[in-house]
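Report on the following structure.
The values are calculated or read from the model by the stated rules, or taken from the named source; none is laboratory data. In this text the structure is predicted, and so the values were computed from the model without any measurement. Here the Cβ positions follow ideal geometry from the backbone for every residue, glycine too, while neighbour counts run over all protein chains shown. Note: accessible area is taken over every heavy atom of the protein model, side chains too, but ligands, DNA and RNA are not part of it. Shrake-Rupley method; radii C 1.70, N 1.55, O 1.52, S 1.80 Å.
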Amino acid sequence: MFLLKFILLIGTLAWTVTAGPGAARYDDFKVYKIFIKDEPQLNQLKKFRDILPIRYLNEITSAQNNYDVAIDPANQQKLEDQLNYYEMEYRVTIEDLQKLIDDSLPKTRSTGMEWTKFHNLDDIYEFVDNLASSFPTTITPFTIGYSYENRPIKAIKISHKPNNKAIFIESQMHAVEWISSATSTCFFNNLLNSQDEQFKQLLLDYDWIYVPIVNPDGFAYTHDVERLWRKNRRPTGFSNSSGICYGIDMNRNFGYEWGAQSSWNFHEPCDHWYGGAKPDSEPEVLALQAFINLFPDGYIKMYMPFHSYGNLILLPYGHTSDIFPPNYDQMMRIAKGFADAARVKYGTNFKYGSTGTINLSGYVSGASKDWAYGVKNIPYTGTIELRDYGEYGFFLPPSQIKEVCDEVTDGIIGMLKVAEKEDLFERNSSRMNLITVYHLLAYLLVFKFTSKWLL
């Protein structure tokens, strides 16, 4: 038994510290998609990590689901033997993970943002700084706080006229999900630089608040050390055979129904989906909450985190499949507006509904969008899970960035049209208030004139 654990440990270390100055490599690693039909298979899948240096790429939650795993070439046959023995259906979706990673990065240091490759933290922060300096009268830059490793968390607010309501977009809370910040930067680049009349109207009709990188430590770590990293980089206070355990899944750490319904690994301090020892424990989470709290109640009307993957629009709540928000039907109509518009250009189908009913990973307690709805009373909060369905998963080729940006942009325009019909931004209420004031003034003038005449 000791020899087996030693071999697994050596395999894990070889995986995580080879090649380059601390950068992990995944040469000839394969990614498998495994279909789990029942509870016995589900339990066995969880046990694979005890005998193989396997990396689960999504949470193991329930049967009748697909799960993605990555494994090194030396252990691929062993994994396939186990899958066949337990009669689990599977297929290989990625033959060489390292090649896919290499192809996704710029070959030379970028001189500016382009949406044909994925960019690192410095590139994205330079892009955000350039936006603020290019539009000084309409963009207000913020440093909303600092990460555990003392990196700034930057944000901008875009406002073209007073009394607008706001739309809040955040991305890159999960470090591994590079498509989230690639899509959000592309969207805001188009929003601010396009001459298209639709974009100009979006700028006039709404304020926009944007946090491009909620998790700068984790994101930098995926570029410099470990491409598959998900969490932030604060030590958990625990360790295992590989050493000190780092990181909390910040989208499991928000203080609304935290831990109410959790996956099998939510409370494991060395796991990728660890929700923390208590809610609201992470500096990045607290910074985001404090930033949102700066704005008056009722100002932010839509809150949209960008994540991947699955082509989903996840509405509250994540901790239950039985309880729904009071305005859930309205939120569903708005989400349908996104899905209908996003489908037009490339045929991408977005499924929409509460996290507890449609999420591929099952229940999610402590998510930012549930906190934004349940604590801040923002009337529409919906996480957009971007491409794809799991063919590439977290390793979406950069050739798809512009397509994802296009369909998300179309989706946002579509959902805003529905939101306006639903009076989410309270324009009709404002008009009614003006009409009421006008009628009152008219009545007072008539009354005053009539009173003089009667006298």
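Data table
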item: Hits among lysines - C-alpha to C-alpha of K231 under 22 Å, sequence gap 8 or more where chains match; result: K46, K154, K278, K369
item: Estimated distance in nm for a label pair at D297 and A277, the labels positioned 7 Å out from Cα along Cα-to-Cβ; result: 3.3 nm
item: Computed E for E149/Q261 - FRET, C-beta separation, R0 22 angstrom, nearest 0.05; result: 0.10
item: Of all accessible heavy-atom area on segment 121-422, the percent that carbon and sulfur account for (1.4 Å); result: 49 percent
item: Per-pair calculated FRET efficiency, R0 = 22 Å: S241 and Y85 via Cβ, rounded to 0.05; result: 0.30
item: Gain upon complete extension [I323, K421; 0.36 nm per residue less C-alpha separation]; result: 32.7 nm
item: Solvent-accessible area per residue, Å², over segment 30-103 with all protein chains present [probe radius 1.4 Å]; result: 46 Å²
item: Candidate lysines for bridging to K421, where Cα separation is under 18 Å - those fewer than 8 sequence places away on the same chain excluded; result: K165, K301, K336
item: For D72, residues with placed amide H under 5 Å, excluding near neighbours; result: none
item: Euclidean distance of C-alpha centroids, segment 36-106 and segment 231-255, integer Å; result: 23 Å
item: Largest to smallest accessible area among F238, F306 [probe 1.4 Å]; result: F238, F306
item: At least 20 Å along the helix axis (C-alpha) and Kyte average at least 0.5, DSSP helices within the chain; result: 2-17
item: Accessible heavy-atom area order of R343, R234, R387, R333, highest first, probe of 1.4 Å; result: R333, R343, R234, R387
item: With all protein chains modelled, accessible area of D102 [1.4 Å, Å²]; result: 60 Å²
item: Karplus (6.51, -1.76, 1.60) ³J(HN,Hα), θ = phi - 60°, over segment 87-104, in Hz, Gly and Pro reported as x; result: 6, 8, 6, 7, 8, 8, 9, 9, 7, 9, 4, 5, 4, 5, 5, 4, 5, 8
item: Modelled FRET efficiency - R0 35 Å, N130 with S62, Cβ distances, 0.05 increments; result: 0.20
item: Area accessible to solvent at H272, 1.4 Å probe radius, in Å²; result: 40 Å²
item: Surface share of carbon and sulfur [accessible, 1.4 angstrom probe, percent] for segment 15-96; result: 46 percent
item: Kirkwood-Stokes translational diffusion coefficient of the chain, alpha-carbon pairs, 25 °C, 0.890 mPa s, µm²/s; result: 105 µm²/s
item: Share of pairwise Cα separations in segment 30-103, more than 19 Å, in percent; result: 28 percent
item: Amide H within-cut-off set for S308, under 5 Å, with H built and near neighbours excluded; result: L386
item: Amide H contacts under 5 Å for T93, placed H, 5+ residues apart; result: V31, Y32, K33
